[in-house]
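Structure first, commentary second.
The values are calculated or read from the model by the stated rules, or taken from the named source; none is laboratory data. A quick note: this is a predicted structure, and the numbers were derived from the prediction, not measured. Cβ coordinates were reconstructed from backbone atoms using ideal geometry, including for glycine residues, and neighbour counts include every protein chain displayed.
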Amino acid sequence: MMQFFILGLIVMVGLLLVGRWFSGVDLTKLINVSKFLLCGVIGAAALFFIFTGKFAWAFLAIPALVPWFLRARTVHRAYRNFSKADSENYAGRMEKEFGGAAPGVKMNKIQALEVLGLNEGATQKQIRDTYHRLIAGIHPDHGGSNYLAAQINQAKDVLLRK
């Protein structure tokens with residue numbers, strides 16, 4: 001009974017140390033450690049199934065894991081979109097170039113043309129096509145920025161006078 005108590009204390013201290021490390025770690029280091037641990041867990045599971053002779057049974061579990069793989073792919077895409085926006089600092093650049101115009105603040109025509117990357121005299125078709133192309137890449141439902149989507153929506157509305 002005493003060994004379970006000691007094991008529980010060791011696990012608790014380990015979890016506290018991991019939590020302390022987790023709260024102050026750099027994101028790239030956390031991602032690298034997570035990848036390493038995931039590969040280790042997968043490798044340990046594969047070795048377990050091989051040595052116990054149940055490796056063939058593990059293949060039967062793959063269809064049950066497909067939804068998890070799809071979810072992981074969605075999370076990865078969202079991470080990639082956020083890291084791209086962060087690395088290129090889209091929101092900061094827009095705030096600097098356009099005077100920090102928040103979605104609630106009225107945007108003028110020149111600012112709207114700059115947001116969409118159009119020239120003066122753009123047709124309604126060009127405005128709509130550019131809008132659809134831009135919003136498809138940064139829509140919040142696809143892991144994009146709410147700020148950028150609001151700026152693009154506002155620019156389209158200003159140019160189409162809605």
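Restricting the first member to region 109-135 and to residues that are surrounded by fewer than 17 Cβ atoms within 10 Å (Cβ to Cβ), and the second to residues that are of a type in the set (Phe, Trp, Tyr) and not in a helix (DSSP H, G or I), the beta-carbon pairs closer than 8 Å and six or more apart or on different chains are GLU114/PHE98.
Screening region 114-125 for residues that are farther than 11 Å from LEU160 by Cα and outside any loop (DSSP other than H, G, I, E, B) and picking the one that is farthest from the chain's Cα centre (by Cα) gives GLU114. Of all residues in region 73-96, none satisfies being over 27 Å from the mean Cα position of the chain (by Cα), assigned to a helix (DSSP H, G or I) and either exposed (fewer than 11 other Cβ atoms within 10 Å of the Cβ) or at pLDDT 80 or above (or both). Flag not set for SER34, criterion: exposed (fewer than 10 other Cβ atoms within 10 Å of the Cβ), under 30 Å from HIS142 (Cβ atoms) and polar (S, T, N, Q).
Of everything listed in (1) within 25 Å of the chain's Cα centre (by Cα); (2) assigned to a helix (DSSP H, G or I); (3) at pLDDT below 90, the single unmet condition for ALA101 is (2).
Filtering region 13-27 to residues that are surrounded by 10 or more Cβ atoms within 10 Å (Cβ to Cβ) and assigned to a helix (DSSP H, G or I) leaves VAL13, GLY14, LEU15, LEU16, LEU17, VAL18, ARG20, TRP21, PHE22, LEU27. Looking at LEU30, LEU37, LEU47, just one residue is assigned to a helix (DSSP H, G or I) and either touching a residue at least 12 places away in the same chain (Cβ under 8 Å) or touching a helix residue (DSSP H, G or I) at 6+ places or on another chain (Cβ under 8 Å) (or both), and that residue is LEU30.
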